[in-house]
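Please treat every number below as a calculation from the coordinates, not as lab data. Everything numeric in this text was worked out from a predicted model, so none of it was measured.
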Amino acid sequence: MKQKYGYNALPALMIGGAVGLIAGLLGIGGGILLIPTMLLLFRFPPHIATATSMAVIFVSALFGSGMHLIRGEWDWFLVLSWLRVRYLAAGSAHASRGVSAVYC
């Protein structure tokens, strides 16, 4: 049985704006307010609400990182050393043991 869910654009925009305003004023992540809103008011399935919140976080982090890069606020030595130690060492260690994915 398929579950039906959806939203009207105007209430969703108003609630999203209110969630963003409250989250910004309190200095908290918006997902803590947005996920329960999608679950309770819009009747989204939990996996859809969580995935939507994670997609918003990804896009926000991508643009935020891009702005820091454009403004020259990256410490490249720190970035490269972190990548080298974290991903290359962990990836080679897991690859030598035959693990197909790296969970850090």
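Can you give the Rg to Rh ratio of the range 1-73, both from alpha-carbon atoms, with Rh computed by the Kirkwood formula?
Rg/Rh: 1.06.
In terms of modelled amide H atoms, which long-range or inter-chain residues lie less than 5 Å from the amide H of Trp74?
The list, which skips near neighbours in sequence, is empty: none.
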